[in-house]
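K.L.:
Take a look at the following structure, please.
Every number here is computed from the coordinates shown, using simple stated rules; none is lab data. Every value quoted in this text rests on a predicted model; they were computed, and no experiment measured them. Here the Cβ positions follow ideal geometry from the backbone for every residue, glycine too, while neighbour counts run over all protein chains shown.
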Amino acid sequence: FGPILEAYEAGTMPDWAEFISKAHLDEPITAGRVVINMARERGMTVVLLTNRLESERAVTTAWLTRHHMWFDELWMRADGDDYHTSKSDHLRVITTRYRVQLIVEDDQHLCDRFEQEFTIPVFRVPSPWSPLPLPSSRPS
């Protein structure tokens, strides 16, 4: 990871615009990259849906290329869109264009939302800023 994770851990998280403007300095989450590239290798269409802003498209595309994350289409949040509702809105449109087989997400709150709104399996990618929830009880 990098400066974004360091700011998070230090409790000095910058505002969202600053956070997004420095996202290209971080390393990708390995589990997400592996799942995305496995899907491409199997001939699946990969549509990336990010909360990064449209104004960051060139930087984001360069970051994805630099980290060998291959995709067919990149959907981004319009400047000024609401963080949480934007992804759900975009995903509703994407599901009308593609037969979505899997959602890969690192924001656990969005995973919860997607599991409630869609009948598509959600692969929860653990991240330092949004860790996977611990099970409430152990199976017997």
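K.L.:
Among T65, A78, L91, flag the residue with its Cα farthest along the positive direction of the charge dipole of region 29-98, charges on Cβ as +1 for Lys/Arg and -1 for Asp/Glu.
P.N.:
T65
K.L.:
Which residues' amide hydrogens lie under 5 Å from the amide hydrogen of V104, considering only partners 5 or more residues apart or on another chain, with H built in the peptide plane?
P.N.:
So V104 has HN proximity to F123.
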